[in-house]
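Working notes for the structure below.
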Amino acid sequence: MNTMPISLFIDSNAWDLFFERSIDLHLELPDDKFSLNITQEVAYEISHMPPDKRRYVEDALNKKLVSIDKFFGFYDDSLPPEKQRVAGFDSGRFVSEKEYAVLHGERGSVGSSIRPTGLYKNEADVSLVARSTVSVVLTCDNGVLNRANNKYGGTAIDLKKWNSGESLAIFIQDELSRN
C-alpha cells in the first residue's frame, strides 16, 4: 500500500542536533517516507550559522533533500527584495485556514525590530508553529513545542528526547503514534 510521506519542517535548532550527530538525512529520513522542509524564515537564518553547520544545511538544500516552503503573497515594500517572506504566482502555496489562524493569532508575539538575520523576533517560531497545524515540526525549542502542541493543536516533536543510538525515523514515528 502506498502512503504519503510524512511532511516534516526542520527548525534551526534541529539542524544543530543533526550536524552534531552527523546525520545523513537521505539515509535517516528517506524521501519515500518523509518530505523534508524548512520555512522561508529558517532559510534566512542559514547564513548566520557557523560555517561547518551552514555547509551541512546548504548541502542538504543543494541535494534537494530539503525544500523551502513559501506561502503565496504579494511584495512587501517594507522589506528588501532578498528578505521577502512570501512568494508570488507559481512559487508560493496558499496558507491553510489553520495556518492563517496561527499567523493572525501570534501577530502580537512578533517583535518590531529587525534582527541580524533580517527577521523580527519570534518570526521564525511563529512560522513554524503555523506549519505545525498541517505538518510535523522537528524542534528543540520549548516555546515552539508549547504553542504548537498546546495552544494550536499542532504537532511538534521535541528532538531533545531523541537518543543518539535510536533511528531518527523510528523516533519520529513513535512520537507521532503517541499523538
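Select, from Ala101, Ala124, the only residue that is among the small types (Gly, Ala, Ser), in contact (Cβ under 8 Å) with a residue 24 or more places away in the chain and under 15 Å from Val86 (Cα atoms).
Within the list Ala101, Ala124, the selection yields Ala124.
Can you confirm whether Thr155 is under 12 Å from Ala14 (Cα atoms) and among the polar types (S, T, N, Q)?
no
In region 1-16, how many are buried (at least 19 other Cβ atoms within 10 Å of the Cβ), assigned to a strand (DSSP E or B) and among the hydroxyl-bearing types (Ser, Thr, Tyr)?
0
Hey, Asp90 hits all of (1) assigned to a loop (DSSP other than H, G, I, E, B); (2) among the acidic types (Asp, Glu); (3) at pLDDT 95 or above but one; which does it fall short on?
(3)
Starting from residues that are in contact with a helix residue (DSSP H, G or I) (Cβ under 6 Å, 6 or more places away or on another chain) and assigned to a helix (DSSP H, G or I), keep the ones in region 36-49 and report whichever is surrounded by the fewest Cβ atoms within 10 Å (Cβ to Cβ).
Ile46
Need the failing condition index for Phe19 against (1) touching a Phe, Trp or Tyr at 6+ places or on another chain (Cβ under 9 Å); (2) assigned to a loop (DSSP other than H, G, I, E, B), just the number.
(2)
Quick one: Ile114 ticks every box in (1) free of Cβ contacts under 8 Å to residues at least 12 places away in the same chain; (2) among the aliphatic types (A, V, I, L, M); (3) surrounded by 19 or more Cβ atoms within 10 Å (Cβ to Cβ) bar one, so which box is it?
Unmet condition: (3).
Please find, among Asp31, Asp52, Asp59, the residue that is open to solvent by 40 Å² or more (accessible area, probe 1.4 Å), under 23 Å from Phe171 (Cβ atoms) and at pLDDT 95 or above.
Asp59
Residues are listed down the side, and each one gets a yes or a no for (1) over 17 Å from the mean Cα position of the chain (by Cα); (2) among the basic types (Lys, Arg); (3) more than 14 Å from Thr39 (Cα to Cα):
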position	(1), (2), (3)
Ser67	no, no, no
Pro80	yes, no, yes
Ala87	no, no, no
Arg93	no, yes, no
Tyr100	no, no, yes
Tyr120	no, no, yes
Leu138	no, no, no
Asn146	no, no, yes
Gly154	no, no, yes
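Working only within region 117-172, note down all residues that are in a helix (DSSP H, G or I), surrounded by fewer than 19 Cβ atoms within 10 Å (Cβ to Cβ) and small (Gly, Ala, Ser).
Of everything in region 117-172, those that are in a helix (DSSP H, G or I), surrounded by fewer than 19 Cβ atoms within 10 Å (Cβ to Cβ) and small (Gly, Ala, Ser) turn out to be Gly143, Ala169.
Would you tally the residues in region 61-87 being in contact with a strand residue (DSSP E or B) (Cβ under 9 Å, 6 or more places away or on another chain) and not in a loop (DSSP other than H, G, I, E, B)?
Adding up the residues that qualify gives 9.
The values are calculated or read from the model by the stated rules, or taken from the named source; none is laboratory data. Keep in mind that this is a model prediction, so the values were computed, not measured. Note that each Cβ is placed from the backbone with ideal geometry, even for glycine, and that neighbours are counted across all protein chains shown. Areas reflect the complete protein model, heavy atoms only, side chains present, ligands, DNA and RNA absent. Shrake-Rupley method; radii C 1.70, N 1.55, O 1.52, S 1.80 Å.
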